[in-house]
Structures are given as structure tokens and as C-alpha cells.
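Contents: one structure, followed by commentary.
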Amino acid sequence: MKKVSLFILTLLSIFCLAQLQPVKIDTLLTTEIGGIKQVIEIKTDDANKPILLFLSGGPGSSMMKNADAYTNILKNKFTIVQWDQRDAGKTLALNPSPVQPSVELMGKDTYEVINFLLKRLNQKKLYLLGSSWGNALGFYIVRHHPELLHAYFAVNPVISQLESEKELLKTLKVHFKDNPVAMEELEKVHFPFTNDDDMFYLRKWLFYKDGKEYVTSDDFKKGFLQWSKTWSPAWNEVMKIDLPKTLKKVACPIYFFVGKNDIQTLTSITKGYYEQVKAPKKDLFLFENSGHQIHKDEAAKFQNTILKTLN
């Protein structure tokens, strides 16, 4: 009898030790989300670590390729998840969206991705981070499914985008007042956007101001207008987002990350919303040396600030 008991205890000990061993994951998954194949990347040295899901900007962009540069510190605390949204990156390479992408459709995609991750990694909640356009999807989850979030990180968020675009136009006109070509094109911009040229001229001179001289080439215009065929309807939806009027209270902790030099999603607008919105916990972090790409401009501070919120 003693031998049997000892044997059972030994088995239980082995089982418990196996359970304590961290499960490492470094994989690229393809799963059906929203009726199409979508690609998700999971990286962790311990699958028990809390999930941090990134929502890429764009729309139509992927953060997956260069993720190690701005997650090398975060990976010590989180299971890092990147997702190529429909009509972006590896998901687009597998299958283009059979329907026109919209904020509502992609918000539902986001909800499916979250549920897929929670089930696969056996967790009840995750941390969610939206970058630029990604906040259109992130705030969809904050509004409809806050119970799934430990917290939300709003990085250079779209808050009142029409107001932000109007202020951007004013800033560019002042900056390029002595550039006749720029002024002629900026004068053609109307709000709300009436055609794809409106947004093209605004982005062209914004990027040129940032030192990207290639935007004056015909290839850039051709590529931008090709992008517009897919994404201008969704972006016109974003232009109608006005969170100070439509989302005055949230039911999860929320943290705003803003670049001091960001004129694309205006920092002052985000500050105003931060002061107004009611949340169980909230904070705003200003990045003095950043524009619209905080995770690239100040990668270490970006990551350490996220870790700071865990305390």
C-alpha cells in the first residue's frame, strides 16, 4: 500500500513540475476571422504571461515586421501578439477582403481575434494597444467589450479626427506659405473629403514637412490613390469619430500616449479628451521627442511607460 501511495505521489509531483514549466511560443498562426484567413503572431517565453495585443495603424499597415525593435523590453512581462488586419500585410497576401473594409467590420474582427487569443492561451482578459488608426478598432472594443480588457493603451489616437485634420491643414498652410506649389494644392483640400485628392494633398505635404521628399513623385501618388480605393471609405468613417461627444465614460483603465510633435492626430485634442473622459483609472504620458510614431521615435521610453502602468 505504501508503494502505491509513493508511486501516486511521485506521479503527482512530476505532473505539478510539468505544469510549472514555462511554455514558450514563437509562432505565426493562420485562423479564420470574419470569414477570411487572417494572420496572428504570438511570441512569449512563458504563455502564462499576460497578453498584449497590438492594433496596427494605417489603415492597411502592419507592425509585425519590425516589432522586435519596440517589444524587446515588453517581452519580459508580456506575451506579445501582432495581428495583420484584413487587407494588410500577411493577411492580404493570403486573401484580399471580399467586402469593403469598414470600422464596424474590423471592430468585429478585433473582437474575434481577442476571443481566439483568450481561448488559445487560457486567459480571461488581455491588454490592448491601438496605434493611430488602430484606435478606431481599439475604442470599438473599449466601448462594447471592456470586460475583456485589463487596460487599454491609446497611442497617438484618433479622437476627433475631423477637427484634427482641419488643424493640420492650417498648420501646413502656415509652414508652406512661401511654397506656391504646396499652397495651390492645399487650397484644393475640402472638409469633409469630397474625393481622394483631398486626403492625398494633405498627406503629401505632411510627409514632405517630415522630410520625405519621395512624396512628390508620380509613383507615390499612384500608390496613394491605389490605397484610397480600399481605404478611403473606412477613413471617412474615422473622420466622423468624435469621442468627446460619443464616449464620455469607459469601463476599463485607459492610458493615453501622445507625441509632443504629433500634428496628424493632434496632441491638444487628445489632452482635452483625457481630461474629460471618466474611467476607473486613467493617465496621459507626453513624449517630448516624438511625432506620430512614438514606438519608433522613443522605443525604450514607450515600453517602460507601459510597464510603469502595471504598478
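What follows is calculated from the coordinates using simple rules that are stated; it is not laboratory data. What you are looking at is a predicted structure, and each value in this text was computed from that prediction instead of being measured. All Cβ positions, even for glycine, are placed from backbone atoms using ideal geometry, and neighbour counts span all protein chains on display.
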From DSSP H assignment alone, runs of 4+ in the chain each adding -39500 (n - 2.57), the sum over residues rounded to the nearest 500 puts [θ] at 222 nm at -14000 deg cm²/dmol
Could you please rank GLU185, GLU237, GLU213, placing first whichever residue has the fewest other Cβ atoms within 10 Å of its Cβ?
-> GLU213, GLU237, GLU185
Could you state the number of Å between the C-alpha centres of the stretch 204-275 and the stretch 42-92?
-> 20
Most fluctuating of PRO50, PRO22, PRO101 in the GNM of the chain (C-alpha, under 10 Å) is PRO22
What percent do you get for the relative contact order of the chain when only Cα pairs under 8 Å and 6+ apart count?
-> 17
May I ask you to compute the full-extension gain from ASN195 to ASN95, defined as 0.36 nm times their residue separation minus their alpha-carbon distance, rounded to one decimal in nm?
-> 33.3 nm
Largest fluctuation, LEU118, LEU53, LEU149 only, Gaussian network model of the chain with Cα springs under 10 angstrom, belongs to LEU118
Could you name the aspartates and glutamates whose alpha carbon sits less than 17 Å from that of LYS245, not counting residues in the same chain fewer than 8 places away?
-> GLU163, GLU237, GLU275
With a ≥ b ≥ c from the Cα gyration tensor eigenvalues, square-rooted, and the rule rounded for a/c under 1.5, otherwise prolate when a/b > b/c and oblate otherwise, the stretch 161-238 is oblate
Quickly rank 271-284, 161-174, 78-91 as a protection proxy: mean count of other C-beta atoms within 10 Å, highest first.
-> 78-91, 161-174, 271-284
What's the center-to-center distance, using Cα atoms, between the stretch 277-302 and the stretch 105-176 in Å?
-> 14
When the chain is treated as a GNM, springs tying every alpha-carbon pair under 10 Å, which of ILE114, ILE25, ILE263 comes out with the largest mean-square fluctuation?
-> ILE25
Counting only backbone N atoms under 18 Å from a point 7 Å out along Cα-to-Cβ of THR216, the residues of the stretch 180-199 in range are 180-187
In percent, what relative contact order does the stretch 157-251 have, based on Cα pairs under 8 Å that are 6 or more apart in sequence?
-> 40
Once phi for every residue in the stretch 119-125 is put through the Karplus expression 6.51 cos²θ - 1.76 cosθ + 1.60 (θ = phi - 60°), the whole-Hz ³J(HN,Hα) values, with Gly and Pro written as x, are 5, 5, 9, 6, 10, 9, 9
